[in-house]
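Laboratory data are not the source of any read-out in this text; all were calculated from the coordinates shown. Since the model is a prediction, treat every value here as computed from it, not as a measurement. Cβ sites come from the backbone with ideal geometry, for glycine too, and all protein chains shown count toward neighbours.
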Amino acid sequence: MPSRKSIVDIKSGRLFPFQFLVLGFIIFITGIAVVGPYMIIGIVLILAGAGILTAHEGTEIIPESNTYREYNSILFIKTGKGKKYQRIEKIFINPAKVSQKIYTAHTLNSGTFHDVEYNAYLKFSDGEKIFLLSGKNRNRIRDRLKLAADTLNIPLQDNTDLR
């Protein structure tokens, strides 16, 4: 069994959108409120709410055994199948232009918002690439991946335009 220090765990993000997280919080609080008079219902609601609030996805890399796994985690229980790799070449960050069209309810007019999102990937020696994480703040993503790149002893390549 590898030590916890040698495992690189990169959390991608939450499994559920913000609205569902609010619903999970309400379910959790309701469970706490009813656990006294209705023990079973309260425990079920607490577990359901906590499951929604703790759900996330990520990638776990174990360099000692040359394995990785992309996982989903609910209530801190990770599920995902491990895969072998020969060698990791690099971690790289690419920019991506994203746009979102929003319609107003009263005038039926729309507005399109353009933004840049940064996506990080892990590249293996066989050419396979896996998605690690994304976000709008390039420096935050770079900082999160710097420790992982140093631990794995691989380069962190930033392909973003630094104008």
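For segment 94-117 and segment 1-56, what is the separation of their Cα centres, given in Å?
Here the answer is 31 Å between Cα centres.
About the Cα centre, and with charges only on the beta carbon of Lys, Arg (+1) and Asp, Glu (-1), how big is the dipole of segment 1-121? Nearest 20 debye, please. Please list the in-between numbers first.
Numbers: 13 positive and 8 negative charges, 69 e Å.
Value, rounded to 20: 340 debye.
Pick from Leu122, Leu75, Leu108: which is most flexible by mean-square fluctuation in a GNM of the chain where alpha carbon atoms under 10 Å apart are linked?
Leu108
Over 26 Å between Cα atoms: which of Lys11/Lys101; Lys97/Lys123; Lys101/Lys123 fall into that group?
Result: Lys11/Lys101; Lys101/Lys123 exceed 26 Å.
Would you grab the residues whose amide H sits under 5 Å from the one on Leu132? Only those 5+ places off in sequence or on another chain, please, with H modelled 1.01 Å from N.
Amide H to amide H, under 5 Å and 5 or more residues apart or across chains, Leu132 pairs with Ala120, Tyr121, Leu122.
So what is the relative contact order of the chain, in percent, for Cα pairs below 8 Å that sit 6 or more residues apart?
RCO, the chain: 20 percent.
Using the count of nearby Cβ atoms within 10 Å as a rough guide to exposure, how do Arg142, Arg87 rank from fewest to most? Don't skip to the end; give the middle numbers.
Values: Arg142 17, Arg87 9.
Starting with the residue having the fewest Cβ neighbours, the order is Arg87, Arg142.
Rank the residues Asp158, Asp126 as a footprinting-exposure proxy: fewest other Cβ atoms within 10 Å of their Cβ go first.
Numbers: Asp158 18, Asp126 9.
Fewest-to-most ranking of Asp158, Asp126: Asp126, Asp158.
With a/c under 1.5 counting as rounded, go ahead and sort segment 4-58 into rounded, prolate or oblate using the C-alpha gyration tensor (a ≥ b ≥ c being the square roots of the eigenvalues; past the cut-off, prolate if a/b is larger than b/c, else oblate).
oblate
Ranking His114, His56, His106 by Cβ neighbours within 10 Å, fewest first, what do you get?
Ordered by Cβ neighbours within 10 Å, fewest first: His106, His114, His56.
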